[in-house]
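Before any comments, here is the structure.
Read-outs: derived from the displayed coordinates by stated rules, not from any lab. From a predicted model like this one, the values you see are computed outputs, not experimental measurements. No Cβ is skipped: glycine too gets one built from the backbone with ideal geometry, and neighbour counts run over all protein chains shown.
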Amino acid sequence: MSYDTTGTAAQVRGVTRRYRSATALDDVTVGFQQDMIHGLLGRNGAGKTSLMSIVTGQDWPSEGEVDVFGQRPHENEQVLPRICFVREDQRYIDDAKASHAFNAAALAFPNWDWGLAERLISDFNLPQKTRIKKMSKGQRSAVAVIIGLASRADITFFDEPYMGLDAVARQTFYDRLLQDYAEHPRTIVLSSHLIDEIAHLIENVVLIDSGRVLLTEPVEQLRGRAVTLVGRADAVREITADREVLSRESLGRMERTTVLGALTETEQRRMVELDVDVVPVSLQQLVVHLTTRDPQSGDQEVAR
């Protein structure tokens, strides 16, 4: 089976999606590199599900173009078997049991691996005789993630189906995902609100807000985009005077300010002189800052 030689699994160009009076996606252009784990991040209603639905051929754009492995995915029998899309509200036939869902997935996905599916069924202690609609939320989530992993589709989208899992089960999912991805590289897109939980999994971040892509870049590069300074208010303000401020928190005479960009050597020396500490910004903190900052001033005051 041939692959797109550009190395891009999915490419979106100028895509807009309107639902009556609402615009879910607004002129979105973004690519998902092949054989990489991407984090599709953003707030509720940002447009993540709409984007994934269009890329996977389950919805149509109002404007723009979508290519998956160099072809249009919509109603394309050559492309659709190579795409797996599992979501938090995954639906099944009313009387379906987990075994029915897995048998259907095995027919739909040519790379389906029953050995992996059986191991995951054991890992999640998933009941086989219970109807899916009678399962707990965690068990229904397990059905979805098993399909997503065992499909071994060339590109797999997880739209938070693992949110119903408890902390232990989510860690099992993360561990099995990394293990199988290392043995069988493919393109995986994870959408999640638990950003710090998946930060060690993802290699590239696509950040979307209000239907627009704010950025797409490697996660390690993104981590260096901001730092947090903590110290006396006057000292912190001196160092950050010429910086774009993402957030500023007043703690009495102390201040905690997050700014864009790495510190220069001169700023680092001045920090030592003024007894100002630097604190790393987590991926989740950075996403929150970037999606809540004032677009006019970039300076968000938070009193505590």
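Restricting the calculation to Cα atoms, the chain shows an Rg/Rh of 1.04 when the hydrodynamic-style radius is the Kirkwood one. The antiparallel fraction among DSSP beta bridges confined to the chain stands at about 65%. Fewest neighbouring Cβ atoms within 10 Å first, the residues ASP154, ASP277, ASP123 line up as ASP277, ASP123, ASP154. Under 5 Å between amide hydrogens, built in the peptide plane, is the criterion, and for LEU25 it picks out ARG17 among residues at least 5 positions away or on other chains. Within straight-line reach of LYS137, meaning a Cα separation under 18 Å, sit the following aspartates and glutamates at least 8 residues removed in sequence or on another chain: GLU88, ASP89, ASP94, ASP95, ASP123, ASP159, GLU160, ASP166. Annotation: amide H of GLY64 within the under-5 Å range of THR16, sequence separation 5 or more or interchain, hydrogens built in the peptide plane. I need the shape label for region 147-304. Rule: rounded when a/c is under 1.5, else prolate if a/b > b/c, else oblate, with a, b, c from the alpha carbon gyration tensor. Prolate shape, in that a/c is at least 1.5 and a/b is the bigger ratio. Of the cross-linked pairs LYS48/LYS133; LYS48/LYS97; LYS97/LYS134, those separated by over 19 Å at the C-alpha level are LYS48/LYS133; LYS48/LYS97. The residue among SER210, ALA199, THR228 whose Cα reaches farthest toward the positive pole of the charge dipole of region 114-237, with charges on the beta-carbon of Lys, Arg, Asp and Glu, is SER210. Exposure proxy ranking for HIS100, HIS38, based on other Cβ atoms within 10 angstrom of each Cβ and starting from the fewest, stands as HIS100, HIS38.
Comparing SER141, SER122, SER247 in a Gaussian network model of the chain where C-alpha atoms under 10 Å apart are linked, the largest mean-square fluctuation is found at SER122.
When the helices of the chain are scored as -39500 (n - 2.57) per DSSP H run of n ≥ 4 and the total is divided over every residue, the value at 222 nm lands at -9000 deg cm²/dmol. Taking a sphere under 10 Å around the Cβ of ARG176 and counting the other residues whose Cβ falls inside, with K and R at +1 and D and E at -1, yields a net charge of -2.
Note on LYS129, LYS137: ascending count of other Cβ atoms within 10 Å places them as LYS129, LYS137, the fewest first. Database remark: amide H of VAL189 closer than 5 angstrom to the amide H of HIS38, THR156, PHE157, PHE158 (H placed geometrically; neighbours at sequence offset of 5 or more, or on other chains; Pro and chain starts carry no H).
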